[in-house]
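S.K.: Can you read through this structure? Questions will come right after.
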Amino acid sequence: MRIKISLIATAALALALTACNTSANPPASGKSSAEASTAPAAPAPTTNSAFLRPTPEQKTALMAALTAIDPALTTKPERAISRSVGVCDDIRKGKDDATVAKNAAHRYNGGTASVDEAKGTLIAEAIKTTYCKS
């Protein structure tokens, strides 16, 4: 049941974040939404990473998503954020989903949280949807 609630919370968060660019808020480039949607895709993942850190707004969203998965993940907020940076680095380097989930589980396991690969997958998805775009 907790997993279902966590997935629903993560999905709701993802929808809320994608709904931010409406017709009332045109793209900064001055293009219409139709023109903006045909813009080229983001560059392919690179093996070079600048260890992308979340903005304050993204931190808030990330902490909410991680807390929805397991409140023990966010007992120490700065530790949770610093661990997310390593997971984001894996994502940006183009590592496969299984490796990202395994590494996320390894990074977040311990202290007050018990994290297996299934929870690692949820953590990786929360990081992807809140701030780390590959």
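The values are calculated or read from the model by the stated rules, or taken from the named source; none is laboratory data. Just so we're clear, the structure is a prediction, and the values are computed from it rather than from any experiment. Remember, those area values only see protein heavy atoms, side chains included, never the ligands or the DNA or RNA. Shrake-Rupley method; radii C 1.70, N 1.55, O 1.52, S 1.80 Å.
S.K.: Using θ = phi - 60° and the Karplus form 6.51 cos²θ - 1.76 cosθ + 1.60, what ³J(HN,Hα) does each residue of the stretch 71-80 get, whole Hz, x for Gly and Pro?
M.R.: Rounded to whole hertz, the list is x, 5, 5, 10, 4, 10, x, 5, 5, 4.
S.K.: Using a 1.4 angstrom probe on heavy atoms only, work out the carbon and sulfur share of the accessible area of the stretch 72-134 in %.
M.R.: Values: 1360 of 2840 Å².
Heavy-atom surface of the stretch 72-134 belonging to carbon and sulfur, 1.4 Å probe: 48 percent.
S.K.: In terms of Cα to Cα distance under 12 Å, which aspartates and glutamates are near enough to LYS133, apart from those fewer than 8 places away along the same chain?
M.R.: Within the straight-line limit of under 12 Å, LYS133 reaches these aspartates and glutamates: ASP89, ASP90, GLU125.
S.K.: Ordering GLU117, GLU57, GLU125 by how much accessible area each has at a 1.4 Å probe, largest first, what is the list? Each step should come with its number before you reach the end.
M.R.: Values: GLU117 100, GLU57 135, GLU125 75 Å².
Order by accessible area, largest first: GLU57, GLU117, GLU125.
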